[in-house]
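Heads up: the structure comes next, in C-alpha cells.
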Amino acid sequence: MAKGFFARLFSGFSEIDDDFYDELEEQLILGDMGVNTTMELMDYLKDEIKYRGLKKTEDARRLIIDYVKGIMKQPEDAYDFENKTCAMIVIGVNGVGKTTCIGKLANQYRKQGKKVLLAGADTFRAAAIDQLKVWADRAGCMMIAGNEGADPGSVIYDAAQSARARKADMLICDTAGRLHNKKNLMNELAKLDKILSAELSEAVRENIIVLDATTGQNAMQQAKEFKEVMKIDGIILTKLDSTAKGGIAVAITSELGVPVKYIGVGEGIDDIKRFDPDEYVENLFAAEEQ
Ligand SMILES: Nc1nc2c(ncn2[C@@H]2O[C@H](COP(=O)(O)OP(=O)(O)OP(=O)(O)O)[C@@H](O)[C@H]2O)c(=O)[nH]1
Ligand SMILES: [Mg+2]
C-alpha cells in the first residue's frame, strides 16, 4: 500500500542538485500530492536545505518526512466520537466504497462492544438496501431502512428515533452515491445533516466522506464540493490496496484541513484501519521497497 512510491527517486540520486529537485517535483505531482502541496513542500525544502547546508538526498528525504508528518498530524480529538453516543452520515460519489466501509466499521465498533444501528438512506435503488442488510448481518448489528424511492430524510428521521429508543451507541447512515456537481442531490445531503442533528441532538455528529484513492485529484475536487454543503469531520480513503500512489491523502489534508481517519485496504470485512499518519508517511517516502 503506497509503500516506497518515491524509493527509486532517492536511490537514483545521492547528492542534492537541480536535477534532483526537478525529478522530485515531478514525482510528487505524479504521486498525487497536488500542485499546491508540492509547491509548498518544494519551497520549504529548498530553503531548509540551503539554510542548513545539506548535500545528501537522504537528508532531503528526512526533511520531507518530517514536514509531511506535520501536515498529516491528526487533531487530538479525531476519534473522540468513537467513545461517545454518535450519529454518523457517510457521503461520497458513486462506487467509492461507502456501504462497504459502513459494514466494516459496524463490525469493528460492534466487536468493541458497542451497540450499532445502521440506517439505509440510500433509497435510490433497492439493491442498495439489500447490500447494507448483508453487511448488517455480517457485522451482527441492527438496521433501519426505507423502501426504494422513499424519502431519505424520513429514513434518517426514523433511524434517529430508533437509535434513541434502542439506546444505540453508534448510528451510521448510508447515503446514495451522488455526483458532486448535482446541486439538488447535494442540497438533499444538507437536509439529511440537519434532520439528524435535530432529531438526535444528544449524539456527537460525525460526517464522513469516502474517497477512492485511485481517483487521485478527482477525489480532491469531490471533497471540496461536498464540504460546501455540509461540515465534514473526517475522510475514509478507500482502495489503497489498488494504488501505489498515496500522495492524495497528503494533498487533501493539506488543502482542506480535514483529517483522514480510516483507510480501506481491501474488500473484506477486516480491511479497514485507523489511519496512522506517521506510519503512512514513513511508508510513502520509504527509501527502499520493503
Ligand atoms: N480493493 C478495494 N475495493 C474496495 C474497497 N472498498 C470498497 N471496495 C469495493 O468497491 C466497490 C463499491 O463499493 P460500495 O461499498 O458498494 O460503494 P458505494 O460508495 O456504497 O457505492 P454506491 O452506493 O453505488 O454509491 C465494491 O466492489 C467494493 O468491494 C477497498 O478498500 N479496496
Ligand atoms: Mg452504497
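Values quoted throughout were computed directly from the atomic coordinates according to the rules given, and no laboratory measurement underlies them. Every value quoted in this text rests on a predicted model; they were computed, and no experiment measured them. For neighbour counting, all protein chains shown are included, and Cβ atoms are generated from backbone atoms with ideal geometry for every residue, glycine included.
Let me understand region 7-72 better: what is its radius of gyration from the alpha carbons, and its Dmax, in angstrom?
Calculated on Cα positions, Rg and Dmax stand at 11.0, 29 Å.
Quick check on the chain: helices-only [θ] at 222 nm, where DSSP H runs of length 4 and up contribute -39,500 (n - 2.57) each and the sum goes over total residues. Nearest 500, please.
On the way: 11 runs with 143 residues, N = 290.
Rounded to the nearest 500, the figure is -15500 deg cm²/dmol.
Run the numbers for Asp271 and Asp66: contour at 0.36 nm per residue of separation, minus the present Cα-Cα distance, in nm. Each step should come with its number before you reach the end.
Details: separation 205, 0.36 × 205 = 73.80 nm, distance 2.77 nm.
My answer for the length gained is 71.0 nm.
Taking one equal scatterer on every alpha-carbon of region 1-136, how large is log10 of I(q)/I(0) by Debye at q = 0.19 1/Å?
Values, matching the q order: -1.03.
If we count other beta carbons within 10 Å of each Cβ, what is the order of Thr214, Thr100, Thr243, Thr238, fewest first?
Working: Thr214 17, Thr100 23, Thr243 20, Thr238 30.
Placing the least packed residue first, the sequence is Thr214, Thr243, Thr100, Thr238.
Give a quick list of GluC sites (Glu not before Pro) in region 26-101 that DSSP marks as loop, anything other than H, G, I, E or B, with at most 13 other Cβ atoms within 10 Å. Don't skip to the answer; put the middle values down first.
Working: sites: Glu26, Glu40, Glu48, Glu58, Glu76, Glu82; in loops: Glu76.
Of the GluC sites (Glu not before Pro), the ones in loops of region 26-101 whose Cβ has at most 13 other Cβ atoms within 10 Å are Glu76.
With N denoting the number of residues in region 106-174, provide Rg(C-alpha) divided by 2.2 N^0.38 Å, to two decimal places. Walk me through the numbers on the way to the answer.
Details: Rg = 11.3 Å, N = 69, 2.2 N^0.38 = 11.0 Å.
Here the answer is 1.03, to two decimals.
Take Ser154, Ser201 and order them by how many other Cβ atoms sit within 10 Å, fewest up front. Please report the intermediate quantities before stating the final value.
Numbers: Ser154 13, Ser201 10.
Exposure proxy ranking, most exposed first: Ser201, Ser154.
Compute the length gained on full extension between Glu40 and Asn218: take 0.36 nm times their separation in residues and subtract their Cα-Cα distance, giving the result in nm to one decimal.
Numbers: separation 178, 0.36 × 178 = 64.08 nm, distance 2.03 nm.
Result for the pair: 62.1 nm of gain on full extension.
Output needed: percent of Cα pairs per 10 Å distance bin for region 80-276, bins running from 0 to the one holding the longest distance.
Answer for region 80-276: a P(r) of 10, 40, 39, 11, 0 percent.
Out of region 227-290, which chymotrypsin sites (Phe, Trp or Tyr not before Pro) are coil in DSSP terms and have no more than 12 other C-beta atoms within 10 Å?
Values: sites: Tyr262, Phe275, Tyr280, Phe285; in loops: Phe275, Phe285.
Here no chymotrypsin sites (Phe, Trp or Tyr not before Pro) fit, given the DSSP loop and packing criteria.
List the GluC sites (Glu not before Pro) within region 208-290 that fall in a DSSP loop (any state other than H, G, I, E or B) and whose Cβ has at most 14 other Cβ atoms within 10 Å. If you can, show how the numbers build up before the last one.
Values: sites: Glu225, Glu228, Glu255, Glu267, Glu279, Glu282, Glu288, Glu289; in loops: Glu267, Glu288, Glu289.
Qualifying residues, ordered by number: Glu267, Glu288, Glu289.
Just to be sure I understand: with springs between alpha-carbon atoms less than 10 Å apart, which residue in Arg110, Arg166, Arg52 has the highest mean-square fluctuation in the Gaussian network model of the chain?
Most flexible of the set in this elastic network: Arg52.
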